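Before any comments, here is the structure.
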Amino acid sequence: MKYSAPEVDSASEPVAICRQPDGRTASPRLIAAPGRCTAWRSWTLGAVTLAAVLTVLAPTQASPASATPAPEVEYTYNVVVRRHFDFPYGDALGYGHEICHHVANGESYANVMSDVERDVSPNDEQSANYIVSYAVGILCPAQISQLRNSAAGYQPPVGG
């Protein structure tokens, strides 16, 4: 900011009356040389320095932001938007919870896989495996061990 030149007093010591840009008068300050308003300049320099230091230190002091989507959002985004699977009635989330329900009730991995291959498009073994494992891993992670135990020894059908 630019300040107007200080007014010099006729006393023996150089005294300035610093004026702010809006015309208000600050208290008289001793100055090193006539024509300078050092008090305002040093305050401004200090404020700018403090702001610069805080700007540099602030990001290092703050904890890193980590935003993770809700499981329902992550599941729906990955199977509908990224992978483009077509679910019955267009309800990917409901179908994912249905898979969790079947696994929690002890249904065999082979039965769950055949249901998914029948209901979801594309209907190949790899797509069904992705949907089943992703649904359980994201929507009902407590059922992962049940799914693994059920899938032990699973062999995909011939030609599937």
The stretch 60-124: spread of alpha-carbon positions along the three principal axes, whole Å, largest first, is 53, 27, 19
Residues meeting the amide H criterion for Asp86 (H placed from the backbone, H to H distance under 5 Å, 5 or more places apart or on another chain) are Ser121
With R₀ set to 41 angstrom, the calculated FRET efficiency between the beta-carbons of Val158 and Ala67, to the nearest 0.05, is 0.35
For Ser145 and Glu74, extending 7 Å from Cα along the Cα-Cβ vector and measuring point to point gives, in nm, a value of 2.1
With 0.36 nm assigned to each residue of separation and the Cα-Cα distance removed, Ala51 to Ser114 gains 16.3 nm
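Where a number appears in this text, it was derived from the coordinates with a stated rule and is not lab data. Since the structure is predicted, the reported quantities are computational estimates derived from the model, not experimental observations. Positions of Cβ are generated from backbone atoms using ideal geometry, with glycine treated the same way; all protein chains shown enter the neighbour counts.
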